[in-house]
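The structure under discussion appears below in the form of structure tokens.
FYI, it's all coordinate maths here, none of it is from the lab. Note that the coordinates shown come from a computational prediction; the quantities given were computed from them, not determined experimentally. Every residue, glycine as well, gets a Cβ built from its backbone with ideal geometry; the counts of neighbours run over all protein chains shown.
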Amino acid sequence: MGRGRRAVGVLMLWAAAIGCGRPAPPPSRYLQVDIETSPTATDPRFATDAVSSRINELIFDSLVKVDRNGRFVGDLAESIERPDDTHIIFHLKSGVRFSDGRELASRDVKFTYDSVRDPSSASPKRAGLEQLKSLETPDERTVVITTVRPYAPVMEMATYGIVPAGTPLPRKSIALAPPGTGAFRMTRYVRDDSVWLERNPYRPAGPEMPRGILFKIVPDPTVRALELAEGICDVAPNNIEAEVIPYLIARSDLVVNEAPGDTYQYLMFNFRNRDLSDLRVRRAIAYAIDRRAIADSFLRGTARIATGMIAPENWAYEGAVTTYDFNPAKSGQLLDEAGYRAGDDGMRDLKLIYKTTPEGGRLAEVIQAMLRRVGIRVEIRSNEWATFLSDLNSGNFDLASMRWIGINDPNHYYLVFDSRMTPPIGLNRGRYNNAAMDLLVEEGMRTIDPIRRRAIYAKVQQLAAEDLPYVSLWWLNNVTVLNREVAGFEPYPNGSLRSLASVRIVGRSGAETSQ
């Protein structure tokens, strides 16, 4: 029996087993959204992981937000001016209130940014404000950002969620979120169990819109699929295993919303490893991985083969780059040229440590098997997320696969490939060092003209494909499974759940209950 048929069989057995013992549903007109892990931070000044960001954007607004086309548009800012290359002026909307009733003013924006920049706060978002020279508030409705030098991705700075002036730093990650101006406020958080949101009383909502959202922590993907099938869960965003999707599509009570996404999966090399510092070895590994087969079978067609970090929908995308179609013969030839000749058993004197998490174990096994076919031994070592991330940041790995989610500006290449951006300052975990790349990404960061900037990043993408600090694997589609009673959900390429604030719940009856 195939893995997909086994998964469906497990769902059917579990559905029969729980019978009348299903979990209690949330209050009427609440949505239940099943997510795989708890948020690591409920304060927007500290949230960097995807789950935290998805929840926080329903609670907090920022000066600007990213629309469905990847463009920056005003959020708290009613209008924006850019008088020169180092200044940008935001004029705030009037009448906006935090969920505790306080009216938004420019001092709240200044306080938020000052607290992120304060070294004593130890905010992980401080590095993103490296080019911020000053933030001034000439009046209650005006915010002026000045950069150290011409800085093209300045709008990225304006995406930080705003908290009220005087909000203390969180003493622990399980604290309730502070008030925000977003559609919801947080009323309860039980780590590894649930996050409860209810409507911000100062944000109007239609009668069919959800009164609240219960984010339920459900680590097991089979249980998430089961709760959808049983009508317990209303929304499962990008966390249902691909082999179960056909079963869910066939159900009349569910809707599967699939759209192209920009979540980028990649294989990362550690350049401290002498073997991997040889470009021939990196290219041999790229040719040995059958990405098309993985996307078609393992991912059930829910991904597009990637040519680089930036997806085709992004204004800076460059598709004319070197690619590595599956070619084990070419892989073997490159390994021979690098001095790693196969022995009588077909294996070479080349062994690599692949670090992963339990959730990434299946992909690790697929890549391990493919590299073994060309004679490369791969030892898989799996750890929980915190240990895994610590190993990557300290350079304690040879190979690892991760995802970048929601890349809006190509300045991300600077953060991950510039030789100065190694942890803890930046995200160059592989310790990649190429002077030509440094020159390009630093020029792209200070070039304001969009035509010149696009030409620079075309060269960046071409160099990245040639030199292979990453093997680009695929861009994952956004696959959200919803109860048919949830109408009006609109996907974002970056996987944002912002539209949950405006969906409608249709055809649902039942008395209101208390939380």
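Points worth noting:
- In a DSSP loop and with at most 15 other Cβ atoms within 10 Å, the trypsin sites (Lys or Arg not before Pro) in the range 206-267 are Arg251.
- Note on the range 299-327 and the range 441-456: Cα centroid distance 21 Å, given to the nearest whole angstrom.
- The value for the range 348-413 of Rg(Cα) / (2.2 N^0.38 Å) is 1.25.
- Part-to-part distance (alpha-carbon centres) for the range 106-157 and the range 48-90, which is given in Å: 13 Å
- Pair-distance distribution P(r) for the range 64-157, from all Cα-Cα distances in 5 Å bins starting at 0: 3, 13, 21, 24, 22, 13, 4, 1 percent.
- Proxy reagent accessibility, fewest Cβ within 10 Å first, across Thr137, Thr159: Thr137, Thr159
- Its alpha carbons considered, the range 261-476 gives a radius of gyration followed by a Dmax of 16.9, 58 Å.
- Across all directions, the average flat footprint of the convex hull enclosing the Cα atoms of the chain is 24.8 nm².
- Counting only Cα atoms, the size of the range 244-327 along its three principal axes is 54, 29, 24 Å, in decreasing order.
- When both the range 179-201 and the range 204-278 are represented by their alpha-carbon centers, they are found 21 Å apart.
- Around Trp315: net Lys/Arg minus Asp/Glu count, Cβ-Cβ under 10 Å: +1
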